[in-house]
Structure formats: C-alpha cells, structure tokens
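Working notes, beginning with the structure itself.
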Amino acid sequence: MESMETMLDLHAKSLAAGSLETDQPARRIPLAYLITFTCYGTRVHGDEWGSVDHDHNLPGSPFLSPDRVREAAEQRQMRQGCYELDRRRRDVVLTAIAEASVYKNWRILAVHVRRTHVHTVVAAPESPEKILAHYKSYASRALNRNGIDDKGRKRWSRHGSTRYLWKPQEVRAAIEYVIRGQGEAMAVWESKEPSW
C-alpha cells in the first residue's frame, strides 16, 4: 500500500492537471475552506478559550466571554469524559482525512491533527458542512477499524468551524496557520503544490 504522503501527492498532481468538477447546480465556490473540528468535551460554552453559540455566531462577532457557571453546567451535561487524540489516534485520523479526500476527489492543501482538534484546508465543490461530516465519519470509522476505542465512544463536538477562503492570500494564510501557527507540530501534512 502506498504511503499517505505518496497517495496525497499523486492525488494533488492529478487534480492540478484537471479542475474540480461537480454535478451540482451552479453556485459560487470559494478557492478553499478552512475546516476545524474539536474533540468531544474539550471545548464547552463558557470555557476560557471563548466559544460560539446561537447568539454569537456571525463572522467577526465576539466569542462568548468566559463563564464558570455555564462551563460547569455544560460539563455536567456531558454523557462521557473528554476525548483526546494521542499520537496513534492522530496518525489514524490524518490518514483517514487523506483517504476521504482522495475518495471524494477533494484537493487537500493542509492538515494538522492536534491533541484536542483538527484543522484542514481543502478545495472542493461541496459545502464545507458536508466535508466536515465526511471527515468526522471517515476518522471515526478508521478509529473503530483499528480497535482503539469502544464503538459508542463520542469523539467529536457537534459541528465545527467552516471558513470560506475566496482569495489566494486567504488560502496561503490558512495553510500557514494550520501548519506553522499551532505550536509544536503533531500529525501534519502540507501539499507540495506551489499553486497558492
């Protein structure tokens, strides 16, 4: 079997030779998306990192302020403990995202699987919500296949962050953020394609 890096490099070259095609009705598709999703329980409303809820979800609007009472209430509602990605889990998730991208014919530009969250930069003719759902699904199935967790284990927070990248400089900035803006590198892949 080919290495994940070889598989993604070959896929990137084949996509660069063609274009992203879709059977969907015409709609404006951005150059790429920055998609982020977190592990279950590692980010809750009211925590010190700030978060988004139904009242604080417009682009550019401030995050929720830290609120210990709300944070504690959210934690009490959790059905399972927090889920974190150790080295083995990060490697499995990175490979699963690569496989999902190749299978769906999406152009993956950067991935960084961290202990508590996953960042991807991907170009695809799909909605970012659909891509996000596929990535979570592929990653969960891969973790199940590897027998790492119990089948009923909650791994991912509901939804995630989906940012549209319309300009080449936004794509470059997102790749830079994902690859080099996260602190110590964990499970990382970056496209060698110089098109951005």
Original post:
Quick one: would you say residue 135 is loosely packed, with under 15 Cβ neighbours inside 10 Å, closer than 16 Å to residue 32 by Cβ and at pLDDT 95 or above?
Top reply: no
**OP:** For the range 139-151, enumerate the residues that are part of a helix (DSSP H, G or I) and surrounded by 12 or more Cβ atoms within 10 Å (Cβ to Cβ).
**Re:** 139, 140, 141, 142, 143, 144
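Regarding residue 120, is this residue among the β-branched types (Val, Ile, Thr) and in contact with an Asp or Glu (Cβ under 8 Å, 6 or more places away or on another chain)?
So residue 120 fails the test.
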Subject >> Selected residue (only one of 109, 94 is assigned by TED's automatic domain parsing to the domain that holds residue 186, of a type in the set (A, V, I, L, M), assigned to a strand (DSSP E or B) and in contact (Cβ under 8 Å) with a residue 60 or more places away in the chain) >> reply: 109
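For every residue, the table says whether it meets (1) among the hydrophobic types (A, V, I, L, M, F, W, C); (2) crowded, with 19+ Cβ neighbours inside 10 Å; (3) in a helix (DSSP H, G or I); (4) in contact (Cβ under 8 Å) with a residue 40 or more places away in the chain.
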position: 153; (1), (2), (3), (4): no, no, no, yes
position: 162; (1), (2), (3), (4): no, no, no, yes
position: 171; (1), (2), (3), (4): yes, yes, yes, yes
position: 177; (1), (2), (3), (4): no, no, yes, yes
position: 184; (1), (2), (3), (4): no, no, no, no
position: 192; (1), (2), (3), (4): no, no, no, yes
Original post:
Got a sec? Which of 99, 21, 84 is in a loop (DSSP other than H, G, I, E, B), surrounded by fewer than 18 Cβ atoms within 10 Å (Cβ to Cβ) and modelled with pLDDT of 90 or more?
Top reply: 84
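The values are calculated or read from the model by the stated rules, or taken from the named source; none is laboratory data. Because the structure is a prediction, the values reported are computed rather than measured. In this analysis, Cβ positions are derived from the backbone assuming ideal geometry, glycine residues included, and neighbour counts consider all displayed protein chains.
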